[in-house]
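K.L.:
The structure that follows is given in the form of structure tokens.
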């Protein structure tokens, strides 16, 4: 059995993790359930689009072979209906935006460019009309058989509309992974309880739950477990039934940090033991014989978040059919200072903003280390600093991970 990597550089850890994940097969889902899913097969147009020559304006469809300016009104056509015959020379029909133009139409004249007379029997044009004006021809956008959404695309609201327009009532997408989460620690009580002496509320469970939901995953929450071998073994055995198992706590060097021991006893092969990051150094990544990918993350909340963002999230993206990178990374101008780093890469909580001039600016938030949820709660980004890097002064360019999905 290959020995695990100890204190892996974050780039090495990401490479190892992504080498052990892949998509999980496909499923066909109703279009209404396809938002944010990733297409596993292309979506193909079933008809030309537009499916008919249509008006792009409210006005009058005219048949004008000779440049005349006055037309006899012979009817009206609304969106969803058709005019039953072709227009003859000198004829016009009143038409709504989106309606099919009658055969023989040479142009549509907007209502603001005409004058109706004769008690509604004729219309006079007050401007020059070009042949084909305000008429969208059949098949101008796509033709029947064209691929309108390729495989590997996330179904955005706009793509949902495209799929609906071409009759894709169902879409073939990659299956999302089943993810279980477990937090450990004798000190934890439920959020609804008042902690007694030496106890704290479980904040990592709700945080991991929220992170997964923001990535489109409805996790199986196994709750909080005390640092006791039998209880840990029972809960972890359940977690290993999932595709991905995220554990928080119990993975450092204390006498009650039992997670690595219990996982090994359950048959998990550990690939990485600790990652060289600050915060979030304690941790492991392994694979169970069932195929479950196991991430044990730091018990300190900010370290837990950072390790999720850098390691768990890229793995889940790949399993969902998305690119496996760490997401958006921007270069921003630093406001204030950024401390030097030692032998670990640092990921420091910060506020990122885009100025009116289109420049990214970032400033570290006041923060007291990996246990300080309250300082971290003000952050919307992480400033990434490589190991053995000197202090950065105001005005320096730094690399930043935005943490809000609106930036992606």
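K.L.:
For the stretch 328-402, what does the alpha-carbon gyration tensor say about shape, rounded, prolate or oblate, given a ≥ b ≥ c as the root eigenvalues, a/c under 1.5 as rounded, and a/b over b/c as prolate?
P.N.:
Oblate.
K.L.:
Once Rh for the stretch 31-92 is found with the Kirkwood sum over Cα pairs, what is the Stokes-Einstein diffusion coefficient at 37 °C and 0.692 mPa s, in µm²/s?
P.N.:
The calculation lands on 211 µm²/s.
K.L.:
How do the peptides 243-250, 140-147 rank, highest first, by the average count of neighbouring beta carbon atoms within 10 Å per residue?
P.N.:
Ranking the peptides 243-250, 140-147 by packing returns 243-250, 140-147.
K.L.:
Take the eigenvalues of the Cα gyration tensor for the chain, scale each by 5, and report the square roots as semi-axes in whole Å, largest first.
P.N.:
Computed over the chain, the values are 61, 26, 18 Å.
K.L.:
With the chain treated as a Gaussian network of Cα nodes joined by springs under 10 Å, which of 256, 87, 18 yields the largest mean-square fluctuation?
P.N.:
Largest GNM mean-square fluctuation: 87.
K.L.:
Would you mind pulling out the separation of the Cα centroids of the stretch 248-292 and the stretch 38-91, in Å?
P.N.:
Here the two parts' Cα centres lie 66 Å apart.
K.L.:
Further question: For the stretch 256-401, count all C-alpha to C-alpha pairs, find those more than 24 Å apart, and express that count as a whole percent of the total.
P.N.:
Percent of Cα pairs beyond 24 Å in the stretch 256-401: 39.
K.L.:
Counting only DSSP beta bridges with both residues in the chain, tell me the antiparallel percent, nearest 5.
P.N.:
65 percent
K.L.:
I need the P(r) histogram for the stretch 54-136: all alpha carbon pairs, bin width 10 Å from 0 out to the longest distance, whole percents.
P.N.:
With 10 Å bins starting at 0, P(r) equals 22, 61, 18, 0.
K.L.:
In cubic angstrom, how much convex hull volume per residue do the alpha carbon atoms of the stretch 227-326 span?
P.N.:
91 Å³
A short reminder: the numbers here are calculations on the coordinates, not readings from a lab. Every value quoted in this text rests on a predicted model; they were computed, and no experiment measured them. Reconstructed Cβ throughout: ideal geometry from the backbone, glycine too, with neighbour counts over all protein chains shown.
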